[in-house]
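A short worksheet on the structure shown next.
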């Protein structure tokens with residue numbers, strides 16, 4: 001013990017060799033080991049304030065974030081600090097917010113104010129982020145008032161966080177008003193407001209602000225790209241991506257994944273290959289997000305071999321990667337292969353979600369595996385705890401209809417906990433057309449026309465079913481009904497890729 005005390009006396013508390021190890025700490029386990037060492041050697045007892053503050057600081061900057069329940073450890077560190085400073089409070093407020101406890105973070109901020117511990121330029125951004133998580137506009141306004149009263153609202157960091165808080169609380173007018181108050185915005189200010197417009201679905205204002213930016217960074221491009229992708233303006237997103245590369249901005253994962261998703265939705269294989277080549281030349285290794293984007297793009301563009309090759313090239317996969325290959329194979333009629341990948345996913349312990357089951361049900365439908373689909377449909381809720389949605393019922397209606405099990409389909413619809421939609425009744429009507437079941441077809445048609453009386457396809461299918469049954473008067477009646485309601489036939493369209501561009505014909 002004498003040697004340990006001698007070591008402590010030779011080093012100031014903040015320069016102790018063990019504390020210096022915290023600069024290289026990467027995991028919670030490593031942090032706990034250093035904590036134990038500090039307890040054994042003495043600094044934790046002789047210099048508790050700097051020691052535990054440094055431990056708490058390291059905890060809040062661990063990457064990836066520790067699990068949510070580890071907040072108890074952060075609290076234990078905080079409570080060992082004799083007189084917590086503003087800095088220590090800021091760290092714990094930040095930890096609470098990051099670990100999904102924003103309400104507790106605000107309680108801590110209130111306690112800090114009640115104890116007359118003065119907030120600083122970091123206190124308000126952390127508290128405002130907690131308000132943004134809660135989407136609580138009244139609390140946000142209260143904090144804004146305090147920031148104004150204490151003179152922190154003019155700080156650019158605080159100002160940017162206020163804009164983010166208002167945007168997250170669906171108050172874009174307040175966010176824009178704050179933006180206009182700043183005489184010298186930085187790129188973060190612009191990005192924050194652009195992100196707010198994107199999340200509000202206002203891509204016109206987001207693009208206008210983007211075009212006004214004096215300087216753009218990777219986040220600026222990626223945010224706008226993701227916005228176009230989310231509202232299904234895929235062509236605009238890819239045009240933006242093409243504009244980005246010549247500027248020298250290096251697209252981040254958000255931009256690359258968004259661009260790949262747009263290629264997948266449009267079937268723009270050539271452009272997807274160009275993005276893949278860019279990734280090969282500019283990324284040392286594929287992370288799980290880029291891998292998923294590439295698997296999804298190749299699968300949806302019909303390049304099944306390329307998709308499976310990408311998928312099998314690594315073991316770093318998440319649920320979304322598995323879903324991409326299961327759904328992609330199912331979409332292109334590779335039902336049994338899709339089912340095998342689904343079984344592999346279950347085998348390695350990845351828990352399926354609603355998308356997984358939708359993909360495998362489509363796979364079973366294409367492969368004619370009716371019994372397998374019915375078994376999986378039954379197991380969704382009972383074994384895997386995945387709630388059935390309308391899209392799953394629609395897929396089952398289509399599958400049962402194709403198999404000629406019209407009565408089973410009707411029994412399923414009667415037992416549904418929600419009203420059947422057009423996809424469900426459309427599956428039934430499709431099955432009736434294949435198997436010539438006029439009676440159930442009339443029931444399905446009645447529901448479909450109630451949902452959308454202008455769907456010309458329903459009239460045409462029902463007229464065809466009547467024609468096959470040689471019920472010519474009913475054929476004429478359906479055509480008259482269509483004319484009386486002035487329903488126009490839908491015009492077929494195709495999107496093809498020509499010399500790197502997309503042509504609608």
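The values are calculated or read from the model by the stated rules, or taken from the named source; none is laboratory data. This one's a predicted model, so the numbers in the text were calculated from it and none came from an experiment. No Cβ is skipped: glycine too gets one built from the backbone with ideal geometry, and neighbour counts run over all protein chains shown.
Structure values in brief
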{"read-out": "Subset of segment 196-218 that is within 17 Å of residue 244 (Cα to Cα) and in a loop (DSSP other than H, G, I, E, B) - its residue that is nearest to the chain's Cα centre (by Cα)", "value": "217"}
{"read-out": "Boolean, residue 122 is surrounded by 18 or more Cβ atoms within 10 Å (Cβ to Cβ), without any contact (Cβ under 8 Å) to a residue 40 or more places away in the chain, within 31 Å of the chain's Cα centre (by Cα) and under 21 Å from residue 196 (Cβ atoms)", "value": "no"}
{"read-out": "Test: residue in segment 420-428 that is over 27 Å from residue 264 (Cα atoms), assigned to a loop (DSSP other than H, G, I, E, B) and either at pLDDT below 95 or under 23 Å from the mean Cα position of the chain (by Cα) (or both)", "value": "yes"}
{"read-out": "Residue 247 within 18 Å of residue 192 (Cα to Cα), surrounded by fewer than 22 Cβ atoms within 10 Å (Cβ to Cβ) and out of contact with any strand residue (DSSP E or B) (no Cβ under 6 Å at 6 or more places or on another chain)", "value": "no"}
{"read-out": "Any hit, segment 311-326, residues being within 13 Å of residue 364 (Cβ to Cβ), part of a helix (DSSP H, G or I) and within 22 Å of the chain's Cα centre (by Cα)", "value": "yes"}
{"read-out": "Criterion: assigned to a helix (DSSP H, G or I), farther than 22 Å from residue 168 by Cα and without any contact (Cβ under 8 Å) to a residue 40 or more places away in the chain - qualifying residue of 59, 109", "value": "59"}
{"read-out": "Residue match in segment 140-158 (condition: more than 26 Å from residue 183 (Cβ to Cβ) and either buried (at least 21 other Cβ atoms within 10 Å of the Cβ) or in contact (Cβ under 8 Å) with a residue 12 or more places away in the chain (or both))", "value": "no"}
{"read-out": "From 238, 178, 193, residue being buried (at least 17 other Cβ atoms within 10 Å of the Cβ) and either over 22 Å from the mean Cα position of the chain (by Cα) or not in a helix (DSSP H, G or I) (or both)", "value": "178"}
{"read-out": "Helices (runs of 4 or more DSSP H) (entirely within segment 350-406) containing at least 3 residues that are buried (at least 17 other Cβ atoms within 10 Å of the Cβ), at pLDDT below 95 and touching a strand residue (DSSP E or B) at 6+ places or on another chain (Cβ under 7 Å)", "value": "none"}
